[in-house]
1. Of the residues that sit in the stretch 64-101 and are touching a residue at least 12 places away in the same chain (Cβ under 8 Å) and small (G, A, S), which one is farthest from D149 (Cα to Cα)?
2. I'd like the full set of residues that are within 17 Å of W71 (Cβ to Cβ) and in contact (Cβ under 8 Å) with a residue 24 or more places away in the chain, limited to the stretch 130-147.
Amino acid sequence: MVEARIIGTLAEILPTSHSWMKDMEVIGEGIGIDLMNPEKRCNSRQIGDKGEDVAALFLERMGIEVLERNWRCSFGEVDIIARDGETIILLEVKTRITTKRNDEIAPELAVGSRKRAKYQKLALIYLAKAPQYDSVRFDVAAVKLIDKDTARIRYLAGAFEWDY
């Protein structure tokens, strides 16, 4: 059983209010990677999958329904598609390995303009296939795998918007 503990919104940690950003630490067997054992090396796909597991757990704990993982079409892939009320969320998950809880790694910075443009096009394709939804939000989950039993997620709701 995985225990997830919300460590607080950044609004509680920083002097300015950012209710759109939340942090959570995940402790338990759900991570499952022994990062310190060189014989148990993981490839980038396995690391990404673990990050997506952490992000899906976070969404569930926040009461957001995960609809699809690794949704694909001919144009590309969305890591997680979820539903928050009547809003569809297209979630990009970026995962990095670190050995420190409070390091300066910011995986979310890897979501550049090309990735945002791609997600906007993917949203149009998804909405064409699911016309019952008309509201879309683009979120980013930055996951740090700290050790085999601990990960930290920084979740940015509405990380970017339509550029059209």
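Read the figures in this text as sums done on the coordinates, not as results from a lab. Being a predicted model, the structure only gives us computed values, none of them experimental. Note: ideal-geometry Cβ built from the backbone for every residue, glycine included; neighbour counts use all protein chains shown.
1. Top of the filtered list is G76.
2. A130, Y133, V136, R137, F138, D139, V140, A141
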